[in-house]
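Worksheet for the structure shown next.
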Amino acid sequence: MNKYKFILGIAAVGLTLASCSDPLDAPNKSAMSEDVIFSTEVLADAAVMGLHQSFGETNSYRGRFIPYYGLNTDAEIFNNYGGVGDPSTDKEASLVTYSAHVDNTYMNTDNNAWAKLYEAIERANKAIESMEIYAGLDNESNTNMRQLYGELLTLRGMIYFDLVKAWGDVPYRFKPITSETLYVPKSDRVTVLKKVMEDLLKAEDYLGWPNENSYTKTVERVSKSFAKGLRARVALFLAGYSQWPKAEGDHTGSELRYNLADAAERQQMYQIARDECVSVINAGHNTLGTFEANFRALCQEDVTAGNESLFEIPFSEGRGRVIFTWGVKHKDVDQWTKQAKGGVNGPTPTLWYDYDPQDIRRNITCIPYQWSGGVKVVSNTSGGGWSFGKLRYEWMKRIVTSTNDDGINWQVMRMADIYMMAAEAENQISGPSNAAQYLRPVISRAYPAAKVGTLIASASSPEAFQLLIENERKFEFAGEAIRKTDLIRWGKLSSKLAETKEKMKALASRTGEYADYPEKIYYNDGLGAESTDADGYTIYGLEKGQTDDEGKAAFANNSRMFCLTGDAASDNDKKINNMINNLYINDPNSKMFWPIWRTFISNSNGTLVNDYGYGE
């Protein structure tokens, strides 16, 4: 593991980056000259780790971007607003219900995600500029320095893509700040992302494949596989839709439209995405493995390169809220953890039922129980009823001793996405007959062989294959904060959320497609030995055709699950109704981006404004 490098970055960041060109640091003469820092590998490496230090700050990726970006969708929902009366005024719930305000108290601080992402960008800008002068990059035998330069380009590109995903149009800063460029307005997202595409293509020439050099032996460092995958991801976004102001200078109205107006240019983006992903597949430096194995390795902190994981944002043991927000809920301190956390975000109540029962991803992704008193119980009293099971304290090799952080890495990309992006892009270029070869490896590990054949055969047109891709990406990536960006670029954010709200209503009333399910969920309630085991539990009532009578006969104890209905006066049903009503407050297509927070607007010398009716 390379987590020691995270600590190195913290210690070295003041040495490598303290300069008057960084507006977030006090003016200060560097202890070493730039020609020494950026021609010395260990010091240049520390500059790369300076970006990671920005990622781990309390209000950066660690505590704001990772916990809140990507909710709410047709697969993921914020579980903690069951008791919130008006989520639009709640500091957390408003961030996910498409009702955020410029004064949000979680975000409207000068050390928040917006500032920390631009802090990392400024650090990258300074290091990139200096390495181009001092690092001897033209010498192809200078492998490690070239690797570090490629990492800087790639990480800066990842940050800019995250900025665009969350805020839409953002300031274009690809050079160190000077007094003349201290205040700049927003640039449109296409201009920003085209520059990112150029940088990522350039980075490919400098980066090693997984295990090709000393840095790429771990997924905590950037490899050529990740840079290519990220470039494909950006290309697919550019080929799709997002929300735009209706006209220049109109900060109130908006419309959903293609990011690239020219159809030929969109097709070029599909070609780029296809070529980048296929090159990663054909290079053979990463293996797909099994679905469960990837997440067990993530929880067990196996960062060996060459498996399914392509890149992970590393967190030290005392940093990062990954299982804390995206993992199985532990109501109490127990044998697995010293913190009562997890389950803050979970599957939508309908996601379990969307899966084919034969899909092995369902039971790994959707967890209907929580840990309480060291045993599993069906969740019917907390803010939400389901947890994501890809991340579990009980799969870790160490006990989590922090009350606020778990130290598990955030997996940014894995090989399944490479295959599925290749399939989607190939379908747009030449149709499903050629595209199926890239989808097949992913779904073959999820379904029985006969089911795979049926799915592929049923998607014989480009339109049908695209719908298959959209469904399979939901089943594959639920709980990984990918779905929202997918729905945005497909132009389906509002329609899928409206559909999900209606499905949640039908599930609560046991009507429509949910009419053949029992009203209650029956489970072992800690009576069986398997309830204390990390992998086993007994539950009844989640499969079509099961009945309340059979459940009562088989189990001594029973409990209505959170997503089901019953006595309308019960506290549980109030939470159910809140979850349904608060899936979104405003039309998601009109508020798909967060506003730029007031502190940054106020301190921009009049150069920054909000669009989409956010006001200032």
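Scan 440, 445, 414 and give me the residue that is under 17 Å from the mean Cα position of the chain (by Cα) and within 25 Å of residue 232 (Cα to Cα). Outline the logic, then answer.
Working: 440 fails: under 17 Å from the mean Cα position of the chain (by Cα); 445 fails: under 17 Å from the mean Cα position of the chain (by Cα).
Step by step, each of 440, 445, 414 is checked, and only 414 is under 17 Å from the mean Cα position of the chain (by Cα) and within 25 Å of residue 232 (Cα to Cα).
So in the range 429-464, with the set limited to residues that are part of a helix (DSSP H, G or I) and touching a Leu at 6+ places or on another chain (Cβ under 8 Å), which one is nearest to residue 275 (Cα to Cα)?
439
Going through 484, 544, 552, 503 one at a time, which residue ends up being at pLDDT 90 or above, part of a helix (DSSP H, G or I), of a type outside the set (Asp, Glu) and open to solvent by 20 Å² or more (accessible area, probe 1.4 Å)?
Among 484, 544, 552, 503, only 503 is at pLDDT 90 or above, part of a helix (DSSP H, G or I), of a type outside the set (Asp, Glu) and open to solvent by 20 Å² or more (accessible area, probe 1.4 Å).
Condition first: part of a helix (DSSP H, G or I), open to solvent by 40 Å² or more (accessible area, probe 1.4 Å) and not hydroxyl-bearing (Ser, Thr, Tyr). Can you find one or more residues in the range 308-320 that meet it?
No - not one qualifying residue is present in the range 308-320.
Check off (1) within 24 Å of residue 53 (Cβ to Cβ); (2) open to solvent by 20 Å² or more (accessible area, probe 1.4 Å) for residue 148 and give me the number that stays unchecked.
Condition not satisfied by residue 148: (2).
For the range 189-208, what are the residues that are in contact (Cβ under 8 Å) with a residue 12 or more places away in the chain and open to solvent by 40 Å² or more (accessible area, probe 1.4 Å)?
Those that are in contact (Cβ under 8 Å) with a residue 12 or more places away in the chain and open to solvent by 40 Å² or more (accessible area, probe 1.4 Å): 191, 194, 195, 201, 202, 205, 206.
Just to be sure, is residue 270 among the hydroxyl-bearing types (Ser, Thr, Tyr), part of a helix (DSSP H, G or I), out of contact with any His (no Cβ under 9 Å at 6 or more places or on another chain) and open to solvent by less than 40 Å² (accessible area, probe 1.4 Å)?
Spelling it out, residue 270 is indeed among the hydroxyl-bearing types (Ser, Thr, Tyr), part of a helix (DSSP H, G or I), out of contact with any His (no Cβ under 9 Å at 6 or more places or on another chain) and open to solvent by less than 40 Å² (accessible area, probe 1.4 Å).
Cβ contacts < 7 Å: first residue more than 13 Å from residue 542 (Cβ to Cβ) and aromatic (Phe, Trp, Tyr), restricted to the range 378-389; second residue open to solvent by 20 Å² or more (accessible area, probe 1.4 Å) and at pLDDT 65 or above, any location; separation 6+ or different chain. Result?
none
Looking only at the range 487-500, which residues are in contact (Cβ under 8 Å) with a residue 24 or more places away in the chain, open to solvent by 10 Å² or more (accessible area, probe 1.4 Å) and either in contact with a strand residue (DSSP E or B) (Cβ under 8 Å, 6 or more places away or on another chain) or hydroxyl-bearing (Ser, Thr, Tyr) (or both)? Explain how you work it out, then say what you get.
Taking the range 487-500 as the starting set, the residues that turn out to be in contact (Cβ under 8 Å) with a residue 24 or more places away in the chain are 487-491, 493-494, 496-497, 499-500.
Then keep just the ones that are open to solvent by 10 Å² or more (accessible area, probe 1.4 Å); that gives 489-491, 494, 496, 499.
Result: 489, 490, 491, 494.
Just to verify a result, which residue in the range 249-267, among those that are touching a Pro at 6+ places or on another chain (Cβ under 9 Å) and of a type in the set (S, T, N, Q), is surrounded by the fewest Cβ atoms within 10 Å (Cβ to Cβ)?
Applying the filter and picking the extreme gives 252.
Within the range 80-183, which helices (runs of 4 or more DSSP H) (wholly inside it) include 2 or more residues that are in contact with a Phe, Trp or Tyr (Cβ under 8 Å, 6 or more places away or on another chain) and of a type in the set (Lys, Arg)?
Because the criterion is at least 2 residues that are in contact with a Phe, Trp or Tyr (Cβ under 8 Å, 6 or more places away or on another chain) and of a type in the set (Lys, Arg), the helices (runs of 4 or more DSSP H) in the range 80-183 that meet it are 143-167.
So how many residues does the range 405-428 have that are assigned to a helix (DSSP H, G or I) and either more than 18 Å from residue 275 (Cβ to Cβ) or not charged (D, E, K, R) (or both)?
Adding up the residues that qualify gives 11.
Tell me, please, whether a residue that is modelled with pLDDT under 90 and of a type in the set (Ser, Thr, Tyr) can be found in the range 66-75.
No: zero hits.
The values are calculated or read from the model by the stated rules, or taken from the named source; none is laboratory data. Here the structure is a predicted model, which means the values were calculated and not measured. Please note: Cβ atoms are built from the backbone with ideal geometry, for glycine as well, and neighbour counts cover all protein chains shown. Side chains are part of the model used for accessible areas, which takes the heavy atoms of the whole protein and leaves out ligands, DNA and RNA. Shrake-Rupley method; radii C 1.70, N 1.55, O 1.52, S 1.80 Å.
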